[in-house]
Amino acid sequence: MSYKVLIANRGEIALRALRACRELGIKTVSVYSDADKGLKHLRFSDETVCIGPAQPSESYLNTASILSAAELTEVDAIYPGYGFLAENPEFANQCNESGFKFIGPSSETIKKMGDKITAKNFVSSYGIPTVPGYTGEIPEDESKFKNIVKEIGYPIILKATAGGGGRGMRVVETEEELINFTEITMQEAQNSFGNNKVYIEKYIQNPRHIEVQIIGDGKGNAIHLGTRDCSTQRRHQKIIEEAPAINIENESLAKILFSCTNLCKEISYEGVGTLEFLYENGNFYFIEMNTRIQVEHPVTEMITGYDIVKAQFRIALGMGIELNQDDIKFNGHAIECRINAEDPETFQPCPGQITKMHTAGGFGIRYDSHIYGGYTVPPFYDSLLAKIITQANTRKSSIKRMLSALDEFFVEGIKTNQMLHQKILNDETFIKNEHTINYLERDFNK
Ligand code: MV4
């Protein structure tokens with residue numbers, strides 16, 4: 001049996017997927033844009049196909065171009081990675097209709113989770129706790145509307161159902177702002193997503209961002225791989241992620257893990273997925289489900305020893321998830337630092353040529369990156385250069401190991417956020433694990 005996969009992505013995740021394929025004996029086709037001829041994974045790929053100009057809309061988002069590359073090379077399946085077409089239900093459907101297995105959940109499941117009102121009502125029906133609020137139609141009658149919101153209690157947050165990842169949201173502090181802010185949010189949602197539907201939630205003021213990693217085989221079997229804490233973020237860009245989330249109330253944790261796994265079994269979820277929660281005062285509140293592999297998957301791999309990307313391919317091949325829940329053992333604590341090509345002062349992306357560099361290494365240190373000395377970071381895509389991941393017995397020792405790794409690591413020729421990581425990892429609030437999603441933007445450095 002020979003299986004061939006087209007990797008419809010670039011950068012570190014394309015390399016991550018290619019490595020998993022090589023271990024599994026899967027043949028690879030890598031696609032690339034005009035700006036990406038220098039990508040490292042192309043050198044290790046069985047075949048490569050140029051799919052168009054640098055602009056993502058002309059290449060990595062160009063479904064016609066990707067599907068014709070798939071036809072040309074006669075692949076069995078298409079691997080989407082994260083970003084680009086990973087959560088596009090039409091693309092998943094087109095792949096399957098054209099005879100290429102889309103590696104991920106069904107088009108229907110992707111679509112359901114893409115509409116945030118539908119997703120919220122759906123997971124809620126499986127006993128997963130959500131943020132108190134209102135997902136019905138907003139009444140024409142202003143006083144009726146004001147009464148609904150008064151019941152929930154200010155402050156509230158308006159969210160576009162077609163938004164997600166922080167897009168299309170607005171906090172409303174008082175009744176005086178309600179009507180105007182709702183109109184603006186609906187208009188913006190219409191302009192950005194072609195859908196003006198919005199819903200209302202109680203605004204959770206100072207939560208942590210906790211997520212649950214799940215895997216299903218598409219046949220009713222599913223397991224969870226525990227939690228991650230992604231609270232260290234700035235403008236909805238995660239900077240540091242950790243596994244497991246610590247200082248979580250035991251009883252609510254057990255309930256959440258059970259109900260997430262149960263949901264995946266009940267819907268015969270296929271592939272990997274993440275349920276995102278806000279966590280405050282011992283309570284979990286579901287916010288979104290991601291139906292793709294995530295950037296931060298390595299921290300979970302490091303504490304479980306379970307290869308999540310390999311699992312994606314194995315599930316697509318009908319080989320199942322191999323292990324039962326009881327086989328998953330959680331070992332110590334892992335941290336991931338995202339090294340971005342960006343100006344440390346302005347946070348603006350900073351593409352250009354890497355003249356010289358050295359990676360970090362050693363016991364308990366993992367380095368996932370596509371960059372190399374002489375590589376030019378193109379300006380067209382996201383600025384993620386490398387992920388440094390450390391694992392150790394405790395959170396404190398994992399932080400120390402990361403500080404040592406960051407000392408070793410260097411990139412010359414372009415600016416990076418390496419220093420920011422060093423500052424955060426030495427910060428008292430971070431070290432005590434007392435930070436929330438607002439910490440970096442509001443209180444850090446002050
Ligand atoms: C919220 C919230 C507070 N209350 N919902 C932002 C991204 C999207 N996934 C949901 N988001 C939020 N929803 C309620 N009811 C605060 C955020 C939020 C956030 C969530 C997770 C990680 C970082 C964040 C940064 C700002 C706001």
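The values are calculated or read from the model by the stated rules, or taken from the named source; none is laboratory data. It should be emphasised that the depicted structure is a prediction, and the values quoted were computed from it without experimental measurement. Heads up, the Cβs are rebuilt from the backbone with ideal geometry, glycines too, and the neighbour counts pull from every protein chain shown. These area figures cover heavy atoms from the full protein model, side chains too; ligands, DNA and RNA do not enter into them. Shrake-Rupley method; radii C 1.70, N 1.55, O 1.52, S 1.80 Å.
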task: Just give me the residues in segment 100-147 being away from the ligand (no atom under 15 Å from the Cβ), buried (at least 17 other Cβ atoms within 10 Å of the Cβ) and assigned to a helix (DSSP H, G or I), in sequence order.
output: Ser107, Thr109, Ile110, Lys111, Lys112, Phe122, Phe145
task: Please verify whether segment 207-230 includes one or more residues that are open to solvent by less than 50 Å² (accessible area, probe 1.4 Å) and closer than 30 Å to Ser143 by Cα.
output: no
Residue check, Glu23 surrounded by fewer than 22 Cβ atoms within 10 Å (Cβ to Cβ), under 21 Å from Phe102 (Cα atoms), touching a residue at least 40 places away in the same chain (Cβ under 8 Å) and not assigned by TED's automatic domain parsing to the domain that holds Asp307: yes
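Here's the yes/no breakdown for (1) of a type in the set (Phe, Trp, Tyr); (2) away from the ligand (no atom under 11 Å from the Cβ); (3) touching a Phe, Trp or Tyr at 6+ places or on another chain (Cβ under 6 Å):
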position	(1), (2), (3)
Gly163	no, no, no
Gly166	no, no, no
Val172	no, yes, yes
Ile184	no, yes, no
Asn191	no, yes, no
Lys197	no, yes, no
Lys202	no, no, no
Glu211	no, no, no
message: Restricting to segment 214-232, name every residue that is among the aliphatic types (A, V, I, L, M) and within 16 Å of the ligand (Cβ to nearest atom).
response: none
- line: Residue set Glu288, Glu301; condition in contact (Cβ under 8 Å) with a residue 40 or more places away in the chain and either on the phi < 0 side of the Ramachandran plot or buried (at least 23 other Cβ atoms within 10 Å of the Cβ) (or both); output residue Glu288
query: Where in segment 276-362 are there strands (runs of 3 or more DSSP E), lying fully within it, with 3 or more residues that are in contact with a helix residue (DSSP H, G or I) (Cβ under 8 Å, 6 or more places away or on another chain)?
result: 283-290, 333-340
- prompt: at negative phi, within 14 Å of the ligand (Cβ to nearest atom) and either crowded, with 19+ Cβ neighbours inside 10 Å or over 13 Å from the mean Cα position of the chain (by Cα) (or both) - does that describe any residue in segment 244-263?
  reply: yes
statement: Quick count over segment 28-45, residues being touching a residue at least 40 places away in the same chain (Cβ under 8 Å), not aliphatic (A, V, I, L, M) and not in a helix (DSSP H, G or I), is 2
message: Quick check on my filter: what residues within segment 398-431 are closer than 20 Å to Thr232 by Cα, touching a residue at least 40 places away in the same chain (Cβ under 8 Å) and either small (Gly, Ala, Ser) or loosely packed, with under 14 Cβ neighbours inside 10 Å (or both)?
response: Ser398, Ser404, Ala405, Met419
- line: Flagged in segment 28-75 as surrounded by fewer than 19 Cβ atoms within 10 Å (Cβ to Cβ) and touching a Lys or Arg at 6+ places or on another chain (Cβ under 6 Å), in numbering order, are Asp46
- request: Consider only pairs whose beta carbons are under 6 Å apart and that are at least six residues apart or on different chains; among these, list those whose first residue lies in segment 173-202 and is touching a residue at least 40 places away in the same chain (Cβ under 8 Å) and whose second residue is open to solvent by 50 Å² or more (accessible area, probe 1.4 Å) and among the aliphatic types (A, V, I, L, M).
  value: Val198/Met186
field: Filter result (in contact with a Phe, Trp or Tyr (Cβ under 7 Å, 6 or more places away or on another chain) and open to solvent by 10 Å² or more (accessible area, probe 1.4 Å)) within segment 1-16
entry: Arg10
message: Here's a check for you: in segment 415-433, which residue that is over 17 Å from Ser398 (Cβ atoms) and outside any helix (DSSP H, G or I) is farthest from the ligand (Cβ to nearest atom)?
response: Lys415
